[in-house]
Amino acid sequence: MGSLLLNTQTVIMCPHGGIVTHIPLTYTSYRVDGRPPMLLTDQYLISGCPFFSFMASPCFRVLWISGSVNLIIRGVPALTLSSVGLCQSASGIMQGPVIMTYTQTGQREPDEFTSVSE
């Protein structure tokens, strides 16, 4: 059984408590549990990260390392609960993995390869 798909209702945080904001870059009418899906190449910006030290600054964005291998939407992998995202500072320093605190529970990635091209 595939992993749960992420949509715009998913709540993602940096390891320090900052909130991730999803900025879609690819339009699709495809919906995950009634909402737009989160895609690997969309932008994910972080606000409210309190992390600051001599060598590091607050988390700024998320770099996704992996997405779904079974669901491709307009040529871009969808994100799932098992996707790996790393938080970066504005200067590109990796500061830890994202934390997914909430996501929809109704729709999973398909068990077989599916490409949605509309």
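The values are calculated or read from the model by the stated rules, or taken from the named source; none is laboratory data. Bear in mind the structure is a predicted one, so any value in this text is a computation, not a measurement. Ideal geometry is used to build each Cβ from the backbone, glycine not excepted, and the neighbour counts take in all protein chains shown. Heads up: the accessible areas ignore ligands, DNA and RNA and are worked out on the full protein's heavy atoms, side chains in. Shrake-Rupley method; radii C 1.70, N 1.55, O 1.52, S 1.80 Å.
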Legend entry - Karplus-derived HN-Hα couplings along segment 17-34 (A = 6.51, B = -1.76, C = 1.60, θ = phi - 60°), whole Hz, x at Gly and Pro: x, x, 9, 8, 9, 8, 10, x, 10, 10, 7, 8, 8, 5, 10, 10, 6, x
Inset, instruction - Quantify, in whole percent, the carbon and sulfur part of the accessible surface of the chain (1.4 Å probe; protein heavy atoms only). - result: 60 percent
Inset, instruction - Note down the nm distance, to one decimal, between modelled labels 7 Å out along Cα→Cβ at Val11 and at Ile93. - result: 2.9 nm
Legend entry - Structure-derived semi-axes √(5λ) of the Cα gyration tensor in Å: which label, when the choices are (i) 27, 13, 12; (ii) 23, 17, 12; (iii) 20, 18, 13: (i)
Inset, instruction - Over segment 12-66, calculate the relative contact order: mean separation of alpha carbon pairs under 8 Å at least 6 apart, over the residue count, as a percent. - result: 37 percent
Legend entry - Other-chain or far-sequence residues with amide H under 5 Å of Ile73's (modelled H): Ala78, Val116
Inset, instruction - Taking only protein heavy atoms into account and a 1.4 Å probe, give the accessible area per residue of the chain in Å². - result: 52 Å²
Legend entry - Leading residue at positive end of dipole, the chain (Cβ point charges), from Gly67, Ile93, Tyr27: Ile93
Inset, instruction - Compute the relative contact order of the chain as a whole-number percentage, counting only Cα pairs closer than 8 Å that sit 6 or more residues apart in sequence. - result: 35 percent
Inset, instruction - With an 8 Å cut-off on Cα pairs and a minimum separation of 6 or more residues, tell me the relative contact order of segment 65-118 in percent. - result: 45 percent
